[in-house]
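Here is the structure we will look at.
Every number here is computed from the coordinates shown, using simple stated rules; none is lab data. Model, not experiment: these values are computed from the prediction. Cβ placement follows ideal geometry from the backbone for every residue including glycine, while neighbour counts extend to all protein chains displayed.
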Amino acid sequence: MKKLLFSSTAVALAFVLILSGCSSKKKASSINPGRKSTATGIAYNKKSKKGKEPEGLQVKDFKGQPAGPNLVFIEGGRFTMGTVEEDVTFSRDNLERTVTVSSFYMDETEITNLHWLEYLHAIQKDSSQEFYDTALPDTTVWLSKLSFNDQFTEQYLRYPGFRMYPVVGVSWVQASDYCKWRTEAVNGEMAARFGDKAKKSKSGGFGKKSKKRAAAPEAPSVKVGGRLAIESGNVLPAYRLPTEAEWEYAAKALIGTQYMDENQSNQRIYPWDGSSMRKSKGKTKGTMLANFKRGRGDYAGIAGHQNDKGTITVEVYEFPPNDFGLYQMAGNVNEWVYDLYRPNSFQDVNDLNPIRRNEFLDEASMYDKKNFNSLVDNNLRVYKGGSWNDVAYWLSPGTRRALDQDSSTATIGFRCAMIAIGPKGKRKL
């Protein structure tokens, strides 16, 4: 009797689970909104009375936001922003505060010379000579009265051996222009791939599922400024420079320090665990984890054992990635971020996706640059990360410096970021 009762209970429980599973599949989502509106019951993708042209709201298939080329998904969350190192400059411009960053995408590497040459090639065909000239990196950043780096002025950008080295001599303005061009280039490529190129099959439909879709072909995709309509799902948001908060969050990559319920075992001084600049275990134990200046006159180590592998920059994949899969978030080159520099940024920013994009609540006139009492104005942009020419202190993600947005150096490059919208995409472009 007990066995029969147990068996009946098990069957009933299984039946309930099946029903609950079936009901959960019917829940509408952004990926699978269903065939009808959950608000009106009106069917999507209706065909006209003639049966040829679709009418009503067209809801296209969507598999989530695609990850653009070179982009890595960064899951957002809460973190403590600000320096964890001693404030050796006594600037007190980046005190610790808790903020939350939404999920976003970021380039896994710095933008390279080859990427920039691709950009120059494209705008030389489509833009004016004047704009092309403004896009050229300043190769004279390598020149110094007391150093013989003259060879890099001609060779670094264009010589094939430097293809996968980070581009330098690029200002904040030039980097921002590149982001705009890249947005148009990638979305233009997507429009060519996913636009109205579907070929009708013999049965009158489109693609492999022609028999099912012959009666109701998709509506033509509308192009807007060289890209597909946003509703198509085959459009990427704008590439841009990351905000300072995004950059710092991505560099720390604290997903590797978590345990149990939203607890973290430690902060990170650098984009890796521990306080050392060397790898602590494994076959490569003792080797440097970044490309930086180890001390006065010491840029790489000694011949036969150049520990950090480069007297200047190195290739963008040279060192291991952090826990987010991002390469060289410390060292090699500093990187431009979106934010305008203000010494009081820690006091007057929002705690959700913080950014300083203009002088709101902190006017430039208060700093009196005109009378040489400050360097702060509305053209001063933040850069972070440390470079081949910096000591280890600047490799900590919380440290920050600033430079005029029209200036460039041999130690500053950049990488792009992009907002993540809705469910994480499962497809690569």
Worksheet, complete the sentence: Footprinting proxy, VAL376, VAL168: sorted fewest to most Cβ within 10 Å, the residues are VAL376, VAL168
Worksheet item: What does the convex hull of the Cα atoms come to per residue for the range 31-174, in Å³?
Response: 264
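Going by C-beta contacts inside 10 Å, put ASP339, ASP133 in order with the fewest on the left.
With the sparsest Cβ surroundings first, the list reads ASP133, ASP339.
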Discussion item. Suppose the chain between ASP406 and GLN347 were pulled fully straight at 0.36 nm per residue; how much longer would it get relative to their current alpha carbon spacing?
Written reply: 18.6 nm
Item to complete: Specify which residue in the list ILE302, TYR393, ASN371 is farthest towards the positive end of the charge dipole of the range 273-429, using unit charges on the beta carbon of Lys, Arg (+1) and Asp, Glu (-1), about the Cα centre.
Response: ILE302
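Could you put LEU146, LEU395 in order, starting from the residue whose Cβ has the fewest other Cβ atoms within 10 Å?
LEU146, LEU395
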Worksheet item: Stretched out fully, how many nm does the piece from PHE360 to THR80 gain, at 0.36 nm a residue minus the Cα gap?
Response: 98.5 nm
Worksheet item: Roughly how large, in nm² to one decimal, is the mean projection of the convex hull of the alpha-carbon atoms in the range 118-179?
Response: 4.9
Worksheet item: Local charge sum around ASN307 (other residues, Cβ-Cβ under 11 Å, Lys/Arg +1, Asp/Glu -1)?
Response: +2
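Please go through the range 249-300 and write out the trypsin sites (Lys or Arg not before Pro) that DSSP classes as loop and that have at most 15 other C-beta atoms within 10 Å.
LYS281, LYS283, LYS285, ARG294, ARG296
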Worksheet item: Using the Cα gyration tensor of the range 311-429, with a ≥ b ≥ c the square roots of its eigenvalues, what is the shape: rounded (a/c below 1.5), prolate (a/b larger than b/c) or oblate (neither)?
Response: oblate
Response to the item:
Loop-resident GluC sites (Glu not before Pro) in the range 50-139 with no more than 11 other Cβ atoms inside 10 Å, DSSP not H/G/I/E/B, are GLU86
Worksheet entry | Anisotropy class of the range 261-343 from Cα gyration tensor, a/c 1.5 cut | oblate
Practice prompt. Place a +1 charge on the Cβ of each Lys and Arg in the range 237-381 and a -1 charge on the Cβ of each Asp and Glu, then give the dipole magnitude about the Cα centre in debye, rounded to the nearest 20.
Written response: 840
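Can you classify the range 60-126 as rounded, prolate or oblate using the Cα gyration tensor, where a ≥ b ≥ c are the square roots of its eigenvalues, rounded means a/c under 1.5, and otherwise it's prolate if a/b beats b/c and oblate if not?
Oblate shape, in that a/c is at least 1.5 and b/c is the bigger or equal ratio.
Could you pull out the pairs from LYS46/LYS180; LYS63/LYS125; LYS180/LYS384; LYS252/LYS285 whose alpha carbons sit more than 32 Å apart here?
LYS46/LYS180; LYS63/LYS125
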Discussion item. Is there a quick way to get the dipole size of the range 316-421? I mean about its Cα centre, with the Cβ of Lys and Arg at +1 and of Asp and Glu at -1; what is the value in debye to the nearest 20?
Written reply: 80
Discussion item. Check which residues have an amide H placed less than 5 Å from TYR105's amide H, if you skip close sequence neighbours.
Written reply: ILE74, MET418, ILE419, ALA420
Response to the item:
Length gained, ASP298-LEU375, 0.36 nm per residue minus C-alpha separation, equals 24.6 nm
Worksheet, complete the sentence: Each label sits 7 Å from Cα toward the beta-carbon; between VAL88 and LYS60 the label points are separated, in nm, by 5.3
Worksheet item: Exactly which chymotrypsin sites (Phe, Trp or Tyr not before Pro) in the range 123-180 are in a DSSP loop and have at most 12 other Cβ atoms within 10 Å?
Response: PHE148
Practice prompt. Taking the Cβ of THR153 as the centre, find all other residues whose Cβ is under 15 Å away and add up their charges (Lys, Arg: +1; Asp, Glu: -1).
Written response: -1
